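**Student:** The structure's right below; bear with me while I get my questions together.
Bear in mind these aren't lab numbers, they're just calculated from the coordinates by the rules spelled out. The model shown is predicted, which means the values in this text are computed figures rather than measured ones. We place every Cβ from the backbone using ideal geometry, glycine too, and count neighbours over all the protein chains shown.
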Amino acid sequence: MRRGNQTNFQPLTVDNPILGMTTIFNKIVLVICMMCGSSPILLGQTNLLLKAPAAVGTWSWGNQLLYEYDPNADDVPILGAYDASRRCGVGLFDTGDSYGTGNLQGNAERLLLEGYRAEKVKAGLPEALLSSLLPGSRSPEPVFLSKIAVYPWLLTADSYYNNIMSSRSRLGIRRDNGASFVPSIHWSPKNYNPFQTEALYSALSRCYNEGKCDGVGLSNLGANELLKASKYFQKKGVPIAANQIQCSLVSNFEDDVEPAVKVANEAGITTLGYSPLGLGLISDSRTERGKLRGFVFGKIAGDESGRELLDTVRRIADEKGATSSQVAINWVKGKGLVPLFGAREESRVLENIKGANGQVELTGKEFDELEVCRRRLKVEGTRNVFQTD
């Protein structure tokens, strides 16, 4: 059993008040997976098990600014992407109450519920329960990790709690429907109003203590803020599932990612690496949908060091009979993170999952080649403006 992308973790015991005891159901799944030679991932400090070492992000499932989302054209393929994810064993879906621009706010959460309902109808409850336990079938019930936007006008714990409950409602979470709910901060208010932090963390703690969620999540926290958050929730007896950070071959890994991963590993928190393709830059089927993304693509691809990196990724992919996306995702996995990739069609899920589940693996030499090119990069990709130290 692994916690996040780590090994040699102590099993959960009743004497550990933070991590708690695994449920009987998860124990059954764990034993069966181990008998079949696979190693499930324990999600951070929670008792939630993930069969596949990957997560699917839903940022594009309603974002018209960056991804030019069109419900008429995109909803059917998106639901196909959800179904493909489940068939591939993916159990963790990352979403947010702000995933959907303008009047589409919460759109990604609504689509996840629609996909989950279709999954239940298609499988039937007894069959779904059986398939979750059988080798090579879909994973146990999905985990919906939903990030709560930290808007500057939200100043009280009640306001955050109400937004968490709204997300929970849009996702159709009930104690009797099987899906797990992990509310998360979307970003830290440290850079503009640090006084909001206490209210935000208090609301998350209340949600867990009332039995409304299975743990809490963090996002865009650097090493220092992650350490503070870890200590806060430890005192409250609240398990942290994951901290997610933007991580790709065009990220500043040494400054933004590596220190936070070290702190997370020491605390038993899973680190999710989101945007592993650099917003889609590192892909053989790169689309220019979204003018802002097109600007970033042009800036990197127009630089000699950027072209060298992209050409190296493509050459390695060709030599392995793989795709650039698979190589890029496997690099993120190799750096000790669980890749969190976006997808809104079935073919993209089926392609990307191979970079995470062992079907495409970089050799030591290939990994080192990418490291050399990455360190030579003169123009970096986007950095989340709310990323903390």
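**Student:** Expected output is a single nm value to one decimal: the length gained when fully extending between residue 210 and residue 363, i.e. 0.36 nm times separation in residues minus the C-alpha distance. What is it?
**Tutor:** Values: separation 153, 0.36 × 153 = 55.08 nm, distance 4.69 nm.
Additional length available on full extension: 50.4 nm.
**Student:** So, one more: At what distance in nm do the modelled label points of residue 231 and residue 149 sit from each other, each positioned 7 Å from its Cα along Cα→Cβ?
**Tutor:** Label at residue 231, label at residue 149, 3.2 nm between them.
**Student:** Around residue 93, with a cut-off of 11 angstrom between Cβ atoms, what is the net charge of the other residues, counting Lys and Arg +1 and Asp and Glu -1? Mind dumping the intermediate values first?
**Tutor:** Values: positive: 86; negative: 94, 109.
Taking every Cβ under 11 Å from that of residue 93, the sum is -1.
**Student:** In a shell of Cβ-Cβ distance under 10 Å around residue 205, excluding residue 205 itself, what net charge do Lys and Arg (+1) and Asp and Glu (-1) give? Please report the intermediate quantities before stating the final value.
**Tutor:** Details: positive: 206, 235, 236; negative: 210.
In short, +2.
**Student:** What does the charge add up to near residue 304, with Lys and Arg as +1, Asp and Glu as -1, over the other residues with Cβ less than 14 Å from its Cβ?
**Tutor:** Numbers: positive: 299, 307, 376, 378; negative: 303, 308, 311.
Net charge around residue 304: +1.
**Student:** What is the calculated FRET efficiency for residue 174 to residue 255, with r their C-beta to C-beta distance and R₀ = 25 Å, to the nearest 0.05?
**Tutor:** On the way: r = 42 Å, r/R0 = 1.69.
The value I calculate is 0.05.
**Student:** How large is the charge dipole for region 52-376, taken about the Cα centre, if only the Cβ atoms of Lys, Arg (+1) and Asp, Glu (-1) carry charge, to the nearest 20 debye?
**Tutor:** Values: 38 positive and 39 negative charges, 135 e Å.
Using only the charged Cβ atoms, the result is roughly 660 debye.
**Student:** For residue 147, what residues show an amide H to amide H distance below 5 Å, using hydrogens built from the backbone and excluding near sequence neighbours?
**Tutor:** Placed amide hydrogens put 95, 96, 97, 184 under 5 Å from residue 147.
**Student:** Straight-line reach from residue 190: which lysines fall under 19 Å, measuring Cα to Cα and dropping same-chain residues less than 8 apart?
**Tutor:** Cα-Cα hits under 19 Å: 147, 228, 231.
**Student:** Which stretch or stretches of region 355-379 have amide N atoms under 15 Å from the point lying 7 Å from residue 285's Cα along the Cα→Cβ direction?
**Tutor:** 355
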